Amino acid sequence: MSEKDYAPLSSACVRALNDKLYDRRKTAALEIEKMVKEFASVNNTGQIKRLLKVLGQDFSLSQNSHARKGGLIGLAAIAIALGKDTGLYTDELIKPILGCMADQDLRVRYYACESLYNVVKVSRGAVLPHFSAIFNALSKIAADPDQNVKNASELLDRLLKDIVVESTSFDLDGFIPLLRERIYTRSSFARQFVISWISVLNTEPGLDLITYLPEILDGLFRILDDANLEVKKMCETTLGEFLRSIKSDTTKVNFGAMINILINHAQEKSDDLVQFTAITWIKEFVQLSGPAMLPYMSGIFTAVLPCLAYDTEARRMTDIKETATAVNFTLMKLIALQDADNSKYPEELRPSAASEEEIRNELDLPSVVVVLTQYLMHNSIQTKVAVLKWIHDLYTKLPNKMVEHIDVLFPALQRTLSDESDQVVQQCLVVIAEVISSPKTKGTGDNGTNTYYNKFIVSLLQSFSIDKRLLDKRGSFIISLMVEHLNMILLTSSELYEMRNRLKDLKTEMGYNHHHHAYKENKSLFCCLYETWCHNPVATVALCLLSQSYRHVCDLIKLFGNLEVTVDFLMEIDKLVQLIESPIFASEEENLNPQECPKKERRGSCSEPEDVKRIHPRKICLKRSDTWVNTNTMAQPNLRLELLEVPCDKNLVRALYGLLMLLPQTEAFTILRTRLSCIPSLHLHCDDNNIVEKKIILESTINFPLLLNHFIQVQEKHKEYKKIRKNQRDIIPGKRN
């Protein structure tokens, strides 16, 4: 090019700008600075633009790297010379420099950073229209292999942050798309650069970066997965700042737009920090937004339920499990609140038109059921137990809605009965008991009974018949557990009040005008229940206490010494003691069926158990053969008051002391010991031969020795089953229930 083509630069200045020595290029830059000041003083914008074109095109785009360096230092000189007027030429100054920031020559890249630093320092806020382009170039050069280039870019970066912070016209809307793009870079240095900017922007209250968080949250969690510990720490700190902002003010937070992002990263098992952080956020979201999280409940389950299985001493994994447990608990509280809201009005009086917010916050029950059904097949005991508790909770809290999904859940529940874990099978039976006993379950028989009861029993028997393995491995446990639940239902259910009375009629006073046929039926009922109840020793004792067969209770307790005393066994005895202190074993006045008494008044609920209601009528009536009889004239036997009779029933006292000796020194032990201490000591030492009996007892014709033999045989089979199970566990180490 001729000298004329470089005008207004002199030939000497052009040669100096192309020189390989920095000092000569710097001398040329000083000449340019002086020249521009003269042009500016006379407002010669034409010459300034001509000079910008020469340096920005001819030099900056030259094939000669030294010429490119000269062009960069010349552009910086122009900016310094223009001073406050630099804002008029930012486009011509910045674009050529940005082009050189991607140059193959590392020295060119270095001088580009230096030149842009000088331009930005002079221009200040005038460079903000070019912020996105500068940010994009800096994000790329942040990963430069040359440390000098990175150092220069960091100086420019800090200057730019200061300008953005002090500015009131920063275009955050225009910047977010670029930030969303650059946040997915895989370079640790570039990620560090992006995180530093997000942190700075988040500290400025006037920018409201929190409203744009849904657009960058996924990228932040990806950066949290970075292998560089410093980057991870920076990202963790930034996420913590965002979470604190959310907790302090939720009005600008779009929880729904972010929850699915958190759900995805909560399933990230390759990095426990990512998983823990995501689940922590989910916990806070559920607590802060409440019902707004219900539509996302199935997704939250996929994130939380597997974490309940973590069983390790690692601190982070323990924290994940505890946080997941907290989320699970909070969700249950939300369901309880929804149930409370739904029960404000009778079903027929509830408003048919729901508000828009109520529709948005509606629980997506079909998807929840699908997820719960899938996780019933999970390999973790804790997860399966949590799923079963959820099914039970939903069925008790939202029966009208859950009943629509019973055809999907019931087969899955039946399959779960064959699970290897006793804990899972036990919880499964609790759920099935709720389903088959609920009046809400669709499909009732002609007599109004729940048809799922028959389906369950038939299905269980068929499974035992077809699957010999199921019968051998789980049959004993399932049957014993079912008997335990059935016994509790027998003792506490108000619907079985008449049955309990029939069982108490096995021993009656001489002269009581009872019907022989009914008496025979009562004995037949007792024998039928006894042969079934034998699968559970404590349930058998409870049945005999209810029927006042105290001598046989003593015989049973003597046999307990041959049984395996487990924690579950002791807990069942504990429950039995609590029941003895309840109205079930109290007087008829306290245990009267409200439907059979024309004159009654209710008082508060009995403390043990919670579903047994205590009734205190002023005048108690019982119905016998369609005749109402005043109980003031007909004494009914009861366990607690029988302890005061003279002579006392020695078998009853021995039976209760037998239970006392089986118990460890727990609260139940103290309760029973206190009860027994109330027995007058004189009665215990009375000689029966010297006492005139005040009551003649008619012994029933039940063959108790035969029943006792049946009990022994059944328990021997259970003992053999447990022995086989123990041997199987010894063969396969690590397999535990």
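Just so it is clear, none of the values below were taken in a lab; they were calculated from the coordinates. Computed from a predicted model, the values in this text were never measured in an experiment. Heads up, the Cβs are rebuilt from the backbone with ideal geometry, glycines too, and the neighbour counts pull from every protein chain shown.
Structure summary
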{"read-out": "Relative contact order of region 1-167, defined on C-alpha pairs under 8 angstrom at six or more residues apart (%)", "value": "18"}
{"read-out": "Rounded FRET efficiency, nearest 0.05, which uses the C-beta distance separating Glu154 from Glu38 and R0 of 35 Å", "value": "0.50"}
{"read-out": "Protection proxy ranking of 118-127, 541-550, 366-375 - average other beta-carbon atoms within 10 Å, highest first", "value": "541-550, 118-127, 366-375"}
{"read-out": "Charge-dipole axis of region 193-293 as Lys and Arg at +1 and Asp and Glu at -1 on Cβ define it, positive-most pick from Phe276, Ser248, Trp197", "value": "Ser248"}
{"read-out": "Listed pairs Lys558/Lys717; Lys140/Lys233; Lys455/Lys726 exceeding 28 Å between Cα atoms", "value": "Lys455/Lys726"}
{"read-out": "Point-charge dipole on Cβ atoms (K/R +1, D/E -1) for region 128-193, about Cα centre, debye to 20", "value": "280"}
{"read-out": "About the Cα centre, charge dipole magnitude for region 110-244 (Lys/Arg +1, Asp/Glu -1 at Cβ), debye", "value": "200"}
{"read-out": "At most 15 other Cβ within 10 Å, DSSP loop - trypsin sites (Lys or Arg not before Pro), region 205-235", "value": "none"}
{"read-out": "Shape metrics for region 475-584, restricted to C-alpha atoms - Rg then Dmax, Å", "value": "14.5, 46"}
{"read-out": "Kirkwood hydrodynamic radius of region 119-244, from inverse mean 1/r over distinct Cα pairs, in Å", "value": "14.8"}
{"read-out": "Volume per residue that the Cα convex hull of region 1-167 spans, once the total is divided by residue count, Å³", "value": "96"}
{"read-out": "Cα centre as origin, Lys/Arg/Asp/Glu Cβ charges: region 1-167 dipole, Debye", "value": "140"}
{"read-out": "Entries in Lys575/Lys722; Lys389/Lys473; Lys333/Lys473; Lys283/Lys575; Lys650/Lys722; Lys283/Lys401 that, when Cα-Cα distance is taken, lie over 28 Å", "value": "Lys333/Lys473; Lys283/Lys575; Lys650/Lys722"}
